[in-house]
Structure formats: structure tokens, C-alpha cells
Amino acid sequence: MNLKKQFMDGLLYQNPVLVQVLGMCSTMAITTSFFNGLGMGVAVTVILTLSNVIISAIRKIVPDKIRIAMFIVVIAGFVTMVDLFLQAFVPALAESLGVFIPLIVVNCIILGRAEAFSYKNGVAASFFDGVFQGIGYTLVLLAMCIIRELLGAGTFGGGLLGPVNAAGTHMGIQIIPSQFPAGMLTLPVGGFLVLGCLIAAMQWALSKSKK
Amino acid sequence: MEQITNLLAITLGAVLANNFIFSQFLGICPFLGVSKKVDTAVGMGVAVTFVMGLASAITWLVNVLLVKLGLEYMQTVAFILVIASLVQFIEMFLQKAMPTLYTALGVYLPLITTNCAVLGVALLNIQNNYNFIESVVYGITGGLGFLLAIVLFASIRERLVFAEYPKAFEGFPIALITAGLMALAFMGFSGLKIW
């Protein structure tokens, strides 16, 4: 077990979104405000860690042939718990993430880590793998949110900071005056473009550091 | 008559204005993964359309059962199990009945289980309170929208091989930028929503 390597892998060298290119749907769909990104990141980290631990614990008694089905059942169980928890305690977040919370079930990061890591490694290592990969995912979400929100709406921390609008949600702190931002970036187009540029930047940085 | 207008509105929305890929971000993984060649893209699109239509019908019925038993909170678990077994079943059926189609689809069939468009359409049907016919229509037309998107995207990607772009953009980034520009084009359909 190599904690430092796992940490660096999760955040940089094997970052789930930027390097492994997993879990794209949620990454692009919900990164329109800071609050959404943070909520989704934490939810996925919790589910990933829990399912990693359970799958690692049962890996010796699960027959090889039905392992994928077992993974999905374990993951779906945790997703349901988190879904109900959010609906009960953070209804605003549950509403703005909508269908993407139950869709964490088919988020390839979780199934991918189950197959690639926790099915082959011990419980403790799988736990840390879940935490670090989850943090790596959350950081990318936050970066996307900050870029898209700042350039698309000119605000920072939407849903969490700033003045409250009529519907009772925080509007975020206005940084760029509202006539300048390109609203396109908060639309689906922006998701594709920003993520494309982020992955390109990552590839560029990784190829630089190798030299 | 009202029913027909309603179904037409669902169709237009699912194929163009609210395209599963370009405006709802569902099914991005196979969209990026299986779009290097037009032939395979067509195969994947057809398979997804088929599964989405069937899954919409079956999950709608399963949901009626869950509501009757007071087990709505089991939706996600029940749906994913239904979809996984449905895909498995289709795989076995095709293998016996249509071996040519089966070999053509190859590895893409089992991958459909983790396509979030399929689970997404099942959940959206319930969220939108669609009746049985509306659900099936939404499932099939959503699949057709996916087919349209992935075929267009694959034909552009085939030509990208000859394009010049910075080395850092090789692979996924340039594909994402292309998809972004296509999403921009599809935004032009959003005016159809008024209907």
C-alpha cells in the first residue's frame, strides 16, 4: 500500500475525469454553479468510498462471472441511500441535481474503480482509493464550475454565496459586470468546450512533465 | 387529436430540441467511445434505440408495481436490474435468432447497461408523469435522437483525422470541442420547444 502514490494518482496522474476520461455525463451536465459541483463531488466521493470498501470486502466470496451484477447492486444500494438523504436534508441540492443523483449508479468512475481497483485490493487500500479518486473528481468539477460560472454568468459561488433571489437561492458574488459574460458557457455547449480545454491542458502538462 | 399533438411534441423534443446528448448530457460515454467509425456508430445507435424503447415500456410497468407495493424508493435499484437483465436477454435472443446482427454489435451490446441514457429515460418518464404510450414514444424517439447525434458526430470524426490541431488536443479534447460545436448547432432547434 502506497498512500502517497495513490494520492497523486487520484489527483493528477490517474485523475478519473482528466486522464481516465470516466464519468463525463455528470461532469458536463451539473457544473453550472459552485454549489452543484460541490454537492455532486461530495455525493460521488461518499458513494465511491463506501462501495469500494464493500466490494473489496466481499471480493473473495463473489464468483467471477456475476461480479459486475454484484457491483451494480452494491452501488445502486448506496446511491439510493444518498439520494434519500439529500432529499431529506438538502432538498435544494436534490432538486437542482435532479435525475443525475440516481444516475450516479451508471457513473463509470464507480464501476470502473470497482473493476480496476477494489476487486483486486484490500479493504484499507480500496478505502483510500475511493477517497482520493473522489477528491480528484470533485476538484475537476469545482474547476469546471468556477470557469463556467465566472465566464458564463460573471459570478462566483452560485447557490452558496451572495445575494438571495426571489426563489430563495443564492445568486453568487458578481465579479464580472453582468453585461460582459458569455451566457453560452453555462449552456450545454460550454460544458463540452470547457472540459475539452481542461483535458487538453492536462495532456499538455503531462507530456511536459515527462520530458 | 390532442394526444397526437402531444406525442409529436415529445418526438420533436426528444430528437432535436432536447436531444439526449447535446442538451441533457445523457449517454456521453458511448457517444465518445463508439464514434470513431460511422458503421459502428450506426450499430450502437440502433441498439440503444431498441433498448431504450423496450426499457421504457418495461420500467413503466415495473414502476406501477412498485407504486402499488409502496416501494417507490427502490426505483433506482429495480430499474438498473431490469435494464441489466433486459440487455442480457436481448443478447441471448440475438445470438440465437439473428447471429449476423449479434456479431455486428459485438461488445457494444453489454455496454448499453451502463449507458446513462437508458436509465435516464426510465427515470425521466416517471418524473414527467408520462403514460404508457408517451413513455414508449419518448424512449424510442430519444434513442433516435442519440442515433442522429452519434452518426453525425462519427462522420465528422472520420474527417478529423486529416485536420491539423495542437498536439495537446489529440484524442478526447478535440472530440469534445467538436461535440461542443455540434451542441451549439443543436441549440438552434430550441425554438421548437414553444410547440
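The values are calculated or read from the model by the stated rules, or taken from the named source; none is laboratory data. Note that the structure is a prediction, hence the values are computed from the model and not measured. Glycine gets a Cβ as well: all are built from the backbone with ideal geometry, and neighbour counts include every protein chain shown. These area figures cover heavy atoms from the full protein model, side chains too; ligands, DNA and RNA do not enter into them. Shrake-Rupley method; radii C 1.70, N 1.55, O 1.52, S 1.80 Å.
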*Taking only Cα atoms and a 10 Å spring cutoff, compute GNM fluctuations for chain B and point out the largest among B:ALA17, B:ALA84, B:ALA185.*
B:ALA185
_Just to be sure I understand: if you take the accessible area of chain B alone plus chain A alone and subtract the pair, with a 1.4 Å probe, what total do you get in Å², rounded to 100?_
2900
_Solvent exposure ordering (accessible area, 1.4 Å, most first) of B:THR76, B:THR103_ = B:THR103, B:THR76
_Whole-Hz ³J(HN,Hα) for each residue in segment B:75-91, computed from phi via Karplus 6.51 cos²θ - 1.76 cosθ + 1.60 with θ = phi - 60°, x for glycine and proline: what do you get?_
3, 4, 4, 4, 5, 5, 5, 4, 5, 4, 6, 4, 4, 4, 5, 4, 4
*How do A:ASP129, B:ASP39 stack up against each other in accessible area, from largest to smallest, with a 1.4 angstrom probe?*
B:ASP39, A:ASP129
*Place a +1 charge on the Cβ of each Lys and Arg in segment A:3-210 and a -1 charge on the Cβ of each Asp and Glu, then give the dipole magnitude about the Cα centre in debye, rounded to the nearest 20.*
680
_If you fit an axis through the alpha-carbon atoms of helix A:67-89 and take the longest principal axis of the Cα set of chain A, what angle between them do you get, 0 to 90°, nearest 10?_
40
*asked:* Taking the solvent-accessible surface of protein heavy atoms with a 1.4 Å probe, what is the per residue accessible area of the protein assembly as shown in Å²?
replied: 46
*B:TRP60, A:TRP204, reordered so the largest accessible area comes first (probe 1.4 Å)*: A:TRP204, B:TRP60
*Where the accessible area of chain B is counted over protein heavy atoms with a 1.4 Å probe, how much of it, in %, is carbon and sulfur?*
70
*Between segment A:1-17 and segment A:192-211, the Cα center-to-center distance that results, in Å*: 17
*Once the whole set of protein chains is in place, how much accessible area is left on B:PHE169, using a 1.4 Å probe, in Å² to the nearest 10?*
50
_Using each residue's phi in segment B:15-31, evaluate 6.51 cos²θ - 1.76 cosθ + 1.60 at θ = phi - 60° and report the 3J(HN,Hα) Karplus result to the nearest Hz, with x for Gly and Pro._
7, 10, 5, 10, 3, 4, 6, 7, 10, 10, 6, 10, x, 6, 4, x, 4
*Compute, for A:ILE68, the solvent-accessible surface of its heavy atoms (probe 1.4 Å) with the complete set of protein chains present, and express it in square angstrom to the nearest 10.*
70
*Anyone know which of B:PHE22, B:PHE132, B:PHE153 comes out most mobile in the 10 Å Cα GNM of chain B?*
B:PHE132
*Among the listed pairs A:LYS5/A:LYS210; A:LYS5/A:LYS208; A:LYS4/A:LYS120; A:LYS5/A:LYS65; A:LYS4/A:LYS210, which are separated by more than 27 Å between their Cα atoms?*
A:LYS5/A:LYS65
*Calculated from backbone phi, Karplus (6.51, -1.76, 1.60) coupling profile of segment A:175-192 in Hz, x at Gly/Pro*: 9, 9, x, 5, 7, 8, x, 8, x, 3, 5, 7, 7, x, 3, x, x, 4
*What's the extension gain from A:ALA116 to A:PHE89 if we count 0.36 nm per residue and subtract their Cα-Cα distance?*
6.4 nm
*Kindly tabulate the residues in segment A:69-89 with an accessible-area decrease of at least 50 Å² between the chain alone and the assembly of all protein chains, using a probe of 1.4 Å.*
A:ILE72, A:THR80
*asked:* Which positions within segment B:6-46 get 10 Å² or more of their accessible surface covered by the other protein chains, compared to the chain by itself, with a 1.4 angstrom probe?
replied: B:PHE22, B:SER23, B:GLN24, B:PHE25, B:LEU26, B:ILE28, B:CYS29, B:LEU32
